[in-house]
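Accompanying notes for the structure given below.
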Amino acid sequence: MKDQAHTLRKIFEGTARPCPQVLSVTSGKGGVGKTSLVVNMSIILASRGKKVLVLDADLGLANIDVMLGLVPKFTIQHVLQGQCSLEEIVLDGPEGIKIIPASSGIQELADLTREQQLCLMNSMDYFEQDIDYMIIDTGAGISRNVMYFNAASQRVIVVATSEPTSITDAYALIKVLRKQYGVKRFDLIVNNVSTKVEGDQVARQLSLVCERFLGDVVLETLGSVPADKSIPECIKGQKAFVGVYPAGEASRRLERIVSRMEQTSRPSSNGSLQFFLRRMVLNQMKGSNHAGYSISRSY
């Protein structure tokens, strides 16, 4: 394994290598279908010839492997304990996507020792030239762990539904990321809608609130995904719905969302894994000053 000084040098130095895009998919409220979207978006990208690495960053409630019926022998916890390398825990998913499984109940990344943080950073560099996208499935809410992954990513995709609590919590998430971490650009996917009009209404409502109270925040709507009874069936069967029902309305709408995401991709100079890791270090330093920060639902 490379020495820690080498890792830190790489984090704080630039790189001219081709850069993968690092995307986080997040939500203010749990139960909005975020993980299902991550899995299915990743499979769509892979089916288009992209090399995709999915990081299950919900370190307390890991479930990407469960959703796909995969049984990991090792997880990130074993890597941090020095029992194996990161590349040894990677799982192969549908269409060739790669998955880094988390471990339920693991402590927050913010509470890891510096040696553990460097171990994780060092290991991530292994994938730098082998992927086009790294998609991070964060936990829900505004914990420090969720904030670090979102603030370090090149692109933050917020998932919400039409439920008032989901809209309010999505705004709270955006508010914290803007005011505490300086994130100004967000993408939005409205999930589980009854009609496209409903999805447009949610997007407009959230955009207006952000414009009124956060001023310089840019919230771009990627699209909405309809409620479909086949999706819960696929989840129960541990299958991705884009694979089981590729012609279904949910699959077609998600295909369009992924196309829009590809067409509006952010500049690659800010997307490398080293940029992501450098931002992780800086945000941890910044976050230590806001350890007791909490947010009310008032605007």
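A short reminder: the numbers here are calculations on the coordinates, not readings from a lab. As the structure is a prediction and not an experimental result, all values here were calculated from the model. Every residue, glycine among them, receives a Cβ derived from its backbone with ideal geometry; neighbour counts consider all protein chains shown.
Count neighbours as other Cβ atoms within 10 Å of each site's Cβ, and list the GluC sites (Glu not before Pro) in the stretch 162-223 that are DSSP loop with at most 13 such neighbours.
Details: sites: Glu198, Glu211, Glu220; in loops: none.
Answer by residue number: there is no such site.
Can you flag which of Lys98/Lys229; Lys196/Lys229; Lys34/Lys236; Lys34/Lys196; Lys34/Lys98 are past 21 Å Cα-Cα?
On the way: Lys98/Lys229 27 Å; Lys196/Lys229 17 Å; Lys34/Lys236 16 Å; Lys34/Lys196 18 Å; Lys34/Lys98 18 Å.
The answer is Lys98/Lys229.
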Could I have the simple spin-label model distance between Asp200 and Ser230, label points 7 Å from Cα toward Cβ, reported in nm to one decimal?
2.5
Please list, by residue number, everything in the stretch 177-202 whose backbone N is under 13 Å from a paramagnetic label point 7 Å out along Cα→Cβ of Phe213.
177-179
Estimated FRET transfer efficiency when R0 is 51 angstrom, pair Val71-Ser259 (beta carbons, to 0.05)
0.95
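Could you please report the charge total around Pro226, scoring K, R as +1 and D, E as -1 over all other residues with beta-carbon less than 10 angstrom from its beta-carbon? Numbers along the way, then the final one.
Working: positive: Lys196, Arg252, Arg253; negative: Glu198, Asp228, Glu249.
Within the 10 Å Cβ shell, the charges total 0.
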